[in-house]
Structures are given as C-alpha cells and as structure tokens.
1. How high is the relative contact order of the chain, given as a whole-number percent (alpha carbon pairs under 8 Å, six or more residues apart)?
2. At most 16 other Cβ atoms within 10 Å plus a DSSP loop assignment makes a site exposed; report the longest stretch of the chain without any exposed chymotrypsin sites (Phe, Trp or Tyr not before Pro).
3. Where in the chain are the helices, taken as whole DSSP H runs, whose Cα atoms extend 20 angstrom or more along the long axis and whose Kyte-Doolittle mean reaches at least -1.0?
4. If the elastic network links every pair of Cα atoms under 10 Å, which of ALA143, ALA218, ALA171 fluctuates the most in the Gaussian network model of the chain?
5. Give me the one-decimal nm value for the distance between modelled label points at ILE127 and ASN34, 7 Å along each residue's Cα-to-Cβ direction.
6. Among LEU190, LEU116, LEU145, whose mean-square fluctuation peaks in a Gaussian network model of the chain (Cα, cutoff 10 Å)?
7. Note down the relative contact order for segment 1-106 as a percent, whole number, built from C-alpha pairs under 8 angstrom at least six residues apart.
8. Work out how much length GLU2 to PHE234 would gain on full extension: take 0.36 nm times their residue separation and subtract the Cα-Cα distance, in nm to one decimal.
Amino acid sequence: MEFFISELVGTLILTLFGCGVCANVLLEKSKGQNSGWIVITFGWGFAVAFAVYVTGKFSGAHINPAVTIGLASVGAFPWEKVPEYIAGQMVGGCLGAMICYFTYLNHWKETKDAGLKLAIFSTGPAIPNVFANFLCEFIGTAALLFGLMGIGANEFSKGLNPLIVGFYIVAIGLSLGGPTGYAINPARDLGPRIAHAILPIPGKGSNDWGYAWIPVVAPICGGVVGAMLYKACFG
C-alpha cells in the first residue's frame, strides 16, 4: 500500500502541475495565457522534478507506467510490484487533473475552444498520422528510459538527480514534443483524459478516444526498447 500511495501522490503532483501549466497558458483570461511552448515544457519538467523529490524516497517515483514496465523488462524492477505501481499512477493522474480543473474553475466557461480544453488534459497530434504519431511517442519514451537509466547510474549527482531528470524532460519536450505533445507517459495522458470525460467542463467536446491508445501503447513499447538499449550498451 505504501508504494501505491507514493505513486499516486507523485503522479498527482505531476499532473496537477503539468495540466496546470497547460491551463495557465491556454485558458482565456488566465494570467499566463499565450506564454507559449517553452513555459509548458518547463512546467512539465519541474512537475516531474518535484514529484520525484516528494515521493522518490518511498517508491523511487516512477510516476509513469512506461518507466515501471521498462525497468521490469530488463530486470531492474520486480514484476510482482508492477500492478500496484501502475494502479497508483493511473489514479494519481486522474486526481491531479481533477484538482487542476477546480483550480481554474472560473476559466472554463470563458474559453470557447473545446480543443484547447482537451489539450489541457491530454495530448494530441499536430498532424494526425497513426504511424508517425506512434513513432514519435515511441522515440520520445525510448529516449526517456535510456536517459533515466544513465542518470540513475551516475554516482556523482545523486542529490541532484530529480532536478536533472526534470531538465531531461524539458529537453525531450523542446526537441521531440512538437509532433504529438510528448505524452511519454500513459498515466499522464489516460488519467487526465478520463478526468476530462468525467468532469462537468462547460462546452467541452470529444475526448478523442480514437487517438487515446497511441500515448498509452507507444510509450510502453518505447520504454521497453529504451531500457533494453541501455542494458545492451552499458550492461
């Protein structure tokens, strides 16, 4: 239960701050409106960093099913703990997005674009193409796992590792996030997408379930390959 709670809290922080920065940038009459992609990427990076600082002591702060499954696939994490971790991540992802909704409660009705409202909760392709969109999420998450394993193996930066991981997320977002919005995390996308479906958001539109499988399946596949590549290169 401790691991479930830790992953729930960590992923809640991740999506509260991450969806929160998207809401700040995209919603009408927000003080951060139109501040742009760089603000969003740094917001998500810091969301990851501080989620890891808060809960890393208790569960290692995977806060991402692709990380949990990727590590398990190379023997760096026990498979028997995977269901508990993923359950906590999915619940936390949904709850964090719900809290974000209440934080910006007065702004939903001021925003007429239903697509922007969905973009606060979940990712979507700039140019819809199943193969290209899948490949983008696959590559981004492979890079994530490869980098996380390398950062974790660095004995010289242990205390700074959560912050370094946060900046690594910023780098992925700035460099690889343009085509799909870089979910690279099934709980970050599916949890908030479920929240979007449940919440009484004024004027909301489709949940885009037709696309929703890509930011779930592609990150898991990419995470496994990224972890395996790291092991193949460095043992």
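Quick note: the coordinates plus some simple rules give every number you see, no bench work behind them. Owing to the predicted nature of the structure, the values given are computational and were not obtained by experimental measurement. Reconstructed Cβ throughout: ideal geometry from the backbone, glycine too, with neighbour counts over all protein chains shown.
1. For the chain, the relative contact order is 31 percent.
2. 1-155
3. Membrane-span-like by this criterion, though nothing is claimed about a membrane: 2-26, 37-59, 82-103, 130-152, 161-176, 214-234.
4. Looking only at ALA143, ALA218, ALA171, the largest GNM fluctuation is found for ALA171.
5. The modelled label-to-label distance comes out at 2.7 nm.
6. For the chain, modelled as a Gaussian network with Cα springs under 10 Å, the answer is LEU116.
7. 48 percent
8. In short, 80.3 nm is gained.
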